[in-house]
């Protein structure tokens, strides 16, 4: 079976698991798609921590490894 749809998508690793996106997109759009509040997480792309101010300009592309870590409050 020919997988034409896969050819148009972008596959990344998200927290260690394969994850398919429709196209390359910014960290901010990725967080929106995942319904994650960007103020409550730290994001790393290919072992580089991305500052919150760079979420709009950092593009996640084919083969990238993305780690999203939630901040846990306590006291």
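Read the figures in this text as sums done on the coordinates, not as results from a lab. Note that the structure is a prediction, hence the values are computed from the model and not measured. Quick reminder, even Gly has a Cβ in these numbers, built from the backbone with ideal geometry, and neighbours come from all protein chains shown.
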> What base-10 log of the normalised intensity I(q)/I(0) is obtained for the chain from the Debye formula, alpha carbons as equal point scatterers, at q = 0.15, 0.22, 0.27 Å⁻¹?
Replying inline: -0.51, -0.98, -1.37
> When the chain is fully extended, how far beyond the present Cα-Cα distance does residue 72 get from residue 11, taking 0.36 nm per residue of separation?
Replying inline: 19.1 nm
> How many nm separate the modelled label positions at residue 46 and residue 24, each set 7 Å beyond the Cα in the direction of the Cβ?
Replying inline: 1.0 nm
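What 222 nm value per residue comes from the helices of the chain, counting each DSSP H run with n ≥ 4 as -39,500 (n - 2.57) and dividing by all residues, nearest 500 deg cm²/dmol?
Working: 2 runs with 12 residues, N = 75.
It lands at -3500 deg cm²/dmol.
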